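The structure under discussion appears below in the form of structure tokens.
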Amino acid sequence: MEDKQLPKRLFRQFLIALETMEPERWDKNDFEAVSALFQGLAHEVRLALLLGIYQDKSLNEIAEFIDITRGAMQDHIEKLVATDLLYRPEESGKTYDLTPFGEFFVQFLLENEETLVDAIDHLKMEKEKVQEAVDEVRSQVDEADVPVSEKDWERKVHSKKWQQAWDGIEEILEDER
């Protein structure tokens, strides 16, 4: 049980350090260590692997589910091992298993799945609304032959999307706290 509490406690300490940003409460090495964990999570195949292994699915079942070859999955497995989210147990008979860090993140995802999906859906909806409005203005600007870079349009959409979505997403996320 203590093994499962360690990553949770370390992660909370990291979040507190980020929140306060008091130099005596954080260390560059801590940021690097937690960053490495997040690098392991930063791909849909690796997330599927973590969730599948958590549910005792075989690697072939996971590969079939995410429509990837078993060979193509190997790089992702190695990344999960390198980032300490997965390991090769010697005694359980399993090829791979989750570390306490891996379990922590899978449980976090499962506990917050609905909230995250709702917030992401809300953001997508707002982006579509903003994109439609910007496209309309953009056609008028193009007709008037006013030069505006693609990067400026992208910034405008990104900024406006967040201006419109902020309160809704904040409400969705706050409801779960």
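The values are calculated or read from the model by the stated rules, or taken from the named source; none is laboratory data. Note that this is a predicted model, so its numbers are computed, not measured. FYI the Cβ positions are ideal-geometry reconstructions off the backbone, even for glycines, and counts take in every protein chain you see. Each accessible area value is taken on the protein alone, full model and side chains, heavy atoms only, with ligands, DNA and RNA left out. Shrake-Rupley method; radii C 1.70, N 1.55, O 1.52, S 1.80 Å.
A few comments on the model shown:
- Residues satisfying the stated conditions in region 36-77, i.e. under 15 Å from Phe105 (Cβ atoms) and not in a helix (DSSP H, G or I): Ala42, His43, Gln55
- If the condition is being within 18 Å of the chain's Cα centre (by Cα) and open to solvent by 60 Å² or more (accessible area, probe 1.4 Å), then region 50-81 contributes Tyr54, Lys79.
- Enumeration of residues in region 50-68 that are under 16 Å from Tyr87 (Cβ atoms) and without any contact (Cβ under 8 Å) to a residue 40 or more places away in the chain: Gly52, Asp56, Leu59
- Annotation: Phe108 fulfils all but one of (1) under 22 Å from Val45 (Cβ atoms); (2) surrounded by fewer than 11 Cβ atoms within 10 Å (Cβ to Cβ); the unmet one is (2).
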